[in-house]
Amino acid sequence: MTNIYSLAVEGVQKLIPYKAGKPIEELERELGISNIIKLASNENPLGIGEKACAAIQNAIADLALYPDGSGFDLKNALAKKYALTSEQITLGNGSNEILELVARAFVTPENEVIFSQHAFAVYPIVTQAVGAKAVVTPAINYGHDLNAMLASVTAKTRVVFIANPNNPTGTLLKQEAVEHFISMLPNHVLCVLDEAYFEFVSQTESVDSVSWLQQFPNLIITRTFSKAYGLAGLRVGYSLSSVEIADLLNRVRQPFNNNSLALVAAEAALNDAEHVRATVENNALGMTQLTDDFKELGLTWIPSAGNFVSVDLRQEGLPIYEKLLRKGVIVRPVGVYEMPNFLRISVGTPTENAKFLTALKEVLADV
Ligand SMILES: *Cc1c(COP(=O)(O)O)cnc(C)c1O
């Protein structure tokens, strides 16, 4: 009898699926406890904004109709925001889909794809799914080593993934360093600059990557509505690129990859500056709340530019994670990122952060 696994394309046979943060409902079922908090997936602790919520209510009546497959209104709103043309924008079912579209449109099994150690887990998945070779460069201080990445470029390289800030480390590269890096890439290499946490950074530092699109036809910037905009459940992300790249990405995407509610909610969220402002403010306060207590506990952490922080427990993180679960707090183990002694904590509301910190103190006092 044929082993079905042997029929799958080679990359898929060896693929280890992405492991998401444990859902609250699952933990409730397993442990029979309630009031669980989830600080595991970098979601917005303030939830969806009022404007996005209202837009969804209004759009429900039209759900029998297919969505606008071109995403006309949302693309126009994004084009206006960034002073680009809508032909430069590609919408994805989350920015994760964009990462996959890039691999499908540009990468063959003969190609190499470069990304850093400790970088976002979706890069190896999309690379392997198309059967390409992943070239992983060692990190410096948990961040990307751009020189090492540049030195790894060969004639076979087709894509380089840069996460800025990176998840799960939160490390941030300087804008000048990234710009220089892209300028040094040969013409046959695309740079995907993953800025999923852009909104958190742009409030404190200048981010000028969008202006680089004029110089670099091989640049693809990806951003998302999942983090600062609080729409992770709706799955909307996008890329900004040259018209040519957007054209190619649009050829491989499904015609209705964004549902109607996602399209209207994202457009409304773009106009809800107040919700993003409150989100970023809550994040800054929460980051201080968490790291102040880490310091008190004698723990070190990786300084983070995102809405999460990876803390070094100086012992296996997984048992601590399990004990935190039992106290109703879901955080993220990062062993798959070669960081077995760390746990990644998403910044929550002040109450959620306090509940996590109390649980952490109890767990650490126990061992
Ligand atoms: C969360 C995240 C994304 C995107 O998530 P989507 O929900 O698919 O938009 C992309 N890159 C990084 C580094 C992330 O952490």
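The values are calculated or read from the model by the stated rules, or taken from the named source; none is laboratory data. Since the structure is predicted, the reported quantities are computational estimates derived from the model, not experimental observations. Cβ placement follows ideal geometry from the backbone for every residue including glycine, while neighbour counts extend to all protein chains displayed. Quick note on the areas: whole protein, heavy atoms, side chains included, nothing else; ligands and nucleic acids left out. Shrake-Rupley method; radii C 1.70, N 1.55, O 1.52, S 1.80 Å.
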How much length is gained on full extension from F72 to R251, taking 0.36 nm per residue of separation minus their Cα-Cα distance?
62.8 nm
Between their Cα atoms, which of K19/K156; K75/K227; K81/K174; K19/K361 are more than 25 Å away from each other?
K19/K156; K19/K361
What net charge is computed for the residues neighbouring L299, neighbours being all others with C-beta under 10 Å from the C-beta of L299, Lys and Arg scored +1, Asp and Glu -1?
-1
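Excluding A284 itself, what net charge comes from residues whose Cβ is under 15 Å from its Cβ, given Lys and Arg +1 and Asp and Glu -1?
Net charge in that neighbourhood comes out at -2.
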By DSSP, what percent of the beta bridges with both residues in region 51-272 are antiparallel, rounded to the nearest 5?
35
For the chain, which longest stretch is free of loop sites, where a loop site is one of the trypsin sites (Lys or Arg not before Pro) that DSSP puts outside H, G, I, E and B and that has at most 15 other Cβ atoms within 10 Å?
175-313
Determine the per residue accessible area of the chain with all protein chains present and a 1.4 angstrom probe, expressed in square angstrom.
46
Probe 1.4 Å, all protein chains in place: accessible area of I125 in Å², nearest 10?
40
If DNA, RNA and ligands are ignored and the probe is 1.4 Å, what is the ranking of W212, W301 by accessible area, most exposed first?
W301, W212
Which order do you get for E26, E362 if you rank them by accessible area with a 1.4 Å probe, largest at the top?
E362, E26
Which residues' amide hydrogens lie under 5 Å from the amide hydrogen of V334, considering only partners 5 or more residues apart or on another chain, with H built in the peptide plane?
F342, R344
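Which three numbers, in whole Å and largest first, are the semi-axes of the equivalent ellipsoid of region 51-272 derived from its Cα gyration tensor as √(5λ)? Display every interim value, and only then the final one.
Working: eigenvalues 172, 70, 49 Å².
Listed largest to smallest, the semi-axes of region 51-272 are 29, 19, 16 Å.
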Provide I16, I245 ordered by accessible surface of protein heavy atoms (probe 1.4 Å), highest first.
I16, I245
Among Y229, Y66, Y142, which one shows the biggest mean-square fluctuation in a GNM of the chain, springs joining Cα atoms closer than 10 Å?
Y66
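In the chain, what percent of the accessible surface is made up of carbon and sulfur (1.4 Å probe, ligands and nucleic acids excluded)?
Percent of accessible area from carbon and sulfur atoms in the chain: 54.
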When the helix-only estimate is applied to the chain (DSSP H runs of n ≥ 4, each -39,500 (n - 2.57), divided by the residue count), what is the mean residue ellipticity at 222 nm, nearest 500 deg cm²/dmol?
-12000 deg cm²/dmol
Heavy atoms of T224 accessible to a 1.4 Å probe, total area in Å² rounded to 10:
0
For L190, what residues show an amide H to amide H distance below 5 Å, using hydrogens built from the backbone and excluding near sequence neighbours?
V159, V160
Can you compute the FRET efficiency between M184 and R277 using 1/(1 + (r/R0)^6), with r the Cβ-Cβ distance and R0 = 41 Å? Round to the nearest 0.05.
0.70
Sort out for me the Cα centre separation of region 1-27 from region 341-357, rounded to whole Å.
30
Set the Förster radius R0 to 22 Å, insert the Cβ-Cβ distance between A20 and T358 as r into 1/(1 + (r/R0)^6), and round the FRET efficiency to 0.05.
0.30
Taking 0.36 nm per residue of separation between I140 and T349 and subtracting their Cα-Cα distance, the length gained on full extension comes to 72.1 nm
Alpha carbon centroid spacing (whole Å) that separates region 230-269 from region 144-211
21
Grab the beta carbon distance between S206 and A151, set R0 = 35 Å, and tell me the FRET efficiency rounded to 0.05.
0.80
